[in-house]
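Heads up: the structure comes next, in structure tokens.
The values are calculated or read from the model by the stated rules, or taken from the named source; none is laboratory data. All figures in this text were calculated on a predicted structure; none of them were measured in a lab. So basically every Cβ, Gly included, is an ideal-geometry build from the backbone, and we count neighbours across all protein chains shown. All accessible areas refer to the heavy atoms of the entire protein, side chains included, with ligands and DNA or RNA removed. Shrake-Rupley method; radii C 1.70, N 1.55, O 1.52, S 1.80 Å.
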Amino acid sequence: MNNSQKQFISSIVKAIGDKCNKAKILNSVVIAQAILETGWGTSELYKKYNNAFGLNNYFDEVSKQYDYVKISVPQEVNGKIVYNAEYMAKHKTVAESVEHLMRWYTIREKYKPIIGNTDYKKVCNFLTGKYATDSQYGKKLIILIESYGLTAYDKPKTVTSKKEVKIQVGLYVNLDYALEFAKTLINKDFNPYIRKNKDKHNYTIFVITDNEVETKQRLSYNRITYI
């Protein structure tokens, strides 16, 4: 991941804030969508109109409150890419684009299966043919999520048992370093969670587990310090 890509992810994470968690949509999927839909922030829709997700404006209850622009956009039809002039949403900020996407998912009935779904692969595959015309849409999102460790941004599992605990394994002042370490944890089959500490401008990394003893043993085996 180069610096430009790191900066783009950081900007999207900042724009998301707690919007995905409130809507019960996976952060990892939304970040991957922003990467894919904007080409890492290079699309005209993104640079000129803050539309990070290729959102149309259908002037309905989901979109009528947003501005719009008519622009040519690519679509897949019968396996071929064609360009059609569409009314696309125009946003004041990227945060507003995230807000629009959350309305898109929570108001439109067809997206009900992804609300609260914590399996990013199922969510990504579900979006193929429904959110986008790209027949490889879900596969592309999954590759982005796994290549850049985006699950580190997902909300940890709701604690349903007293046995489930958080084990602190790191503290970083730089989000990029925290993300890299979280990716390392994922590759070692741990379940990491990054928490931004208010007023301290740093990030604590935890491992979520329902088997504290076994997890601490594995952390020690991998030479990972824990508290």
Quiz item: Within the stretch 16-28, restricting attention to residues that are open to solvent by 10 Å² or more (accessible area, probe 1.4 Å) and small (G, A, S), which residue is farthest from L175 (Cα to Cα)?
Solution: A23
Quiz item: Just to be sure, is L45 open to solvent by less than 30 Å² (accessible area, probe 1.4 Å), under 21 Å from the mean Cα position of the chain (by Cα) and hydrophobic (A, V, I, L, M, F, W, C)?
Solution: yes
Exercise. Considering every residue within the stretch 94-114, establish whether at least one is surrounded by fewer than 18 Cβ atoms within 10 Å (Cβ to Cβ) and in contact with a strand residue (DSSP E or B) (Cβ under 9 Å, 6 or more places away or on another chain).
Key: no
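Condition test on F53, is it at pLDDT 95 or above and touching a Pro at 6+ places or on another chain (Cβ under 8 Å)?
Working: at pLDDT 95 or above: yes; touching a Pro at 6+ places or on another chain (Cβ under 8 Å): no.
So F53 does not fit the description; no.
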Practice problem: For the stretch 110-126, indicate whether the set of residues that are of a type outside the set (A, V, I, L, M, F, W, C), assigned to a strand (DSSP E or B), modelled with pLDDT of 90 or more and over 19 Å from the mean Cα position of the chain (by Cα) is non-empty. | Solution: no
Quiz item: Which strands (runs of 3 or more DSSP E) does the stretch 159-227 wholly contain that include 3 or more residues that are among the hydrophobic types (A, V, I, L, M, F, W, C)?
Solution: 165-172, 202-209
Self-check item: Residue satisfying condition, being under 15 Å from the mean Cα position of the chain (by Cα), open to solvent by less than 30 Å² (accessible area, probe 1.4 Å) and of a type in the set (S, T, Y), within set Y153, Y137, Y193
Solution: Y137
Exercise. Mind listing whichever residues of the stretch 29-42 are open to solvent by 30 Å² or more (accessible area, probe 1.4 Å) and closer than 20 Å to D67 by Cβ?
Key: E37
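Could you grab me the full set of residues in the stretch 68-78 that are open to solvent by 60 Å² or more (accessible area, probe 1.4 Å) and modelled with pLDDT under 85? Before the answer, list the steps.
Pass one, the stretch 68-78, residues open to solvent by 60 Å² or more (accessible area, probe 1.4 Å): 68, 70, 72, 74, 77-78.
Passing the criteria: S72, P74, V77, N78.
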Self-check item: Of the criteria (1) in contact (Cβ under 8 Å) with a residue 60 or more places away in the chain; (2) over 19 Å from I35 (Cβ atoms); (3) of a type in the set (S, T, N, Q), which one T93 fails
Solution: (2)
Quiz item: Filtering the stretch 160-182 down to residues that are within 18 Å of the chain's Cα centre (by Cα) and of a type in the set (D, E), which residue is modelled with the highest pLDDT?
Solution: E180
Exercise. For K24, indicate whether it is within 29 Å of K122 (Cα to Cα) and in contact with a Gly (Cβ under 8 Å, 6 or more places away or on another chain).
Key: yes
